[in-house]
Amino acid sequence: FFFQAEDGIRDTELWLEFRRVLFRSAKEATFIEKDFTAEKILRNNLKELGIENKTTVINENISSYLPKIKKKFNIFFFDPPYADNSYTENIEKIKKLSLYEKNHLIIVHREKKTNDGLEKILNIMFIKNYGRSNVIFGVLN
């Protein structure tokens, strides 16, 4: 999902808490989810959190949706399936289409064993380990 945060600002319970914290400072968020069932669950979760008025949910493949975006974001969060590393192409597309603000952050949730070559497209600031998962924080290089 992508955030437009206010200036200055795979453990299910961990990610729910992470999203709650981010939403406290976010003025809006756009979720792009291609799976219809996951999109329905996402909409229900946003409603339960009481933040559906701050969100846009798009049921489409991210690759085909990115060129349609007409604004810039400053926080991008990627949580792709572990076997899928095509998300790196979408990060490159975000850069090519200039969909990011100067002060931006890209967060990627991956399994520790995964090596997607993120250092080729991101300046990695730090990595947090949570069990068998890594959460990678970086900016486009």
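Here, segment 24-135 is characterised by an Rg to Rh ratio of 0.95, where Rg is the alpha-carbon radius of gyration and Rh the Kirkwood radius. The trypsin sites (Lys or Arg not before Pro) of segment 83-139 that meet both conditions, a loop assignment by DSSP and at most 10 other Cβ atoms within 10 Å of the site Cβ, are LYS113. The LYS96 and LYS54 beta-carbon pair, evaluated with R₀ = 35 Å, returns a calculated FRET efficiency of approximately 0.80.
Laboratory data are not the source of any read-out in this text; all were calculated from the coordinates shown. Computed from a prediction, not measured in an experiment: that's the story for all the values here. Methodologically, a virtual Cβ is constructed for each residue, glycine included, from the backbone with ideal geometry; neighbour enumeration extends over all protein chains shown.
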